[in-house]
Amino acid sequence: MAARGKTAVHGEAAARGETTARGEAAARGEAAAHHHDPRRGKAAAHHHEPRVSWLLTLPVLALILVAPPALGSYSAAHTGTALTKPFGFPDLPDGDPLRLGVADYAGRAVYDDGRSLRGRQLKITGFVTLDRTGAPYLVRMGLNCCAADAQPVKIALTGNVPPVLSPDTWLEVTGRYTPRRTQDPVNDGPIPYLEVTGSRPVATPHDPYDETWNT
């Protein structure tokens, strides 16, 4: 009887010790779960910051990598010609047809009275715009520094002009100088005519702007 009493006492003590150890271990685990390590918080914050910074650069990259479309016939029809007198008129190469830019032809026709153009077969490329009366013009947009400040230079077409022309169609026009001129209905600026002898539609050029008008 005494031996069984001692065994029971030892068993209860062992059980209480095991229960206490489990309770302490659980308490330590719970405390660890609620403990906030500031270093882990900073690491998580740094992990997310590069992602946020990268997302903020997307609008800037879009502006740099995605070029805006070139201004077209609507803008040209509602903006007066930007033709200005060139600083000079360099000699033109021999041979016909002579390929010229819209601004080069317009500048020579208006401010040099076509002296270097007479008797030459000319080839000029631009896009079509129509004024309020339906009169066709061959146009290139000129740049000062960027597309936002682009302004049109225009040539009025006469002669063998296609009966149907759609705005924004790019044409390669063959023709001759004529002293005939008109005024831009928007700003009364000078617009020379070109006597058209032939034309054909072409693809939009890789660089649709004409930067010769301000040289």
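The values are calculated or read from the model by the stated rules, or taken from the named source; none is laboratory data. This structure is a prediction, so every number in the text was calculated from the model and none was measured. FYI the Cβ positions are ideal-geometry reconstructions off the backbone, even for glycines, and counts take in every protein chain you see. Remember, those area values only see protein heavy atoms, side chains included, never the ligands or the DNA or RNA. Shrake-Rupley method; radii C 1.70, N 1.55, O 1.52, S 1.80 Å.
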Checklist (1) at pLDDT below 95; (2) under 29 Å from the mean Cα position of the chain (by Cα); (3) within 15 Å of Gly126 (Cα to Cα) applied to Asn214, failing item: (3)
If Ser75 satisfies all but one of (1) part of a helix (DSSP H, G or I); (2) at pLDDT below 95; (3) more than 25 Å from the chain's Cα centre (by Cα), what's the number of the condition it fails? (3)
So is Arg200 open to solvent by 40 Å² or more (accessible area, probe 1.4 Å), under 29 Å from Asp94 (Cα atoms) and touching a residue at least 12 places away in the same chain (Cβ under 8 Å) or not? yes
If you scan segment 144-164, which residues turn out to be modelled with pLDDT of 95 or more and open to solvent by 20 Å² or more (accessible area, probe 1.4 Å)? Thr158, Gly159, Asn160, Val161
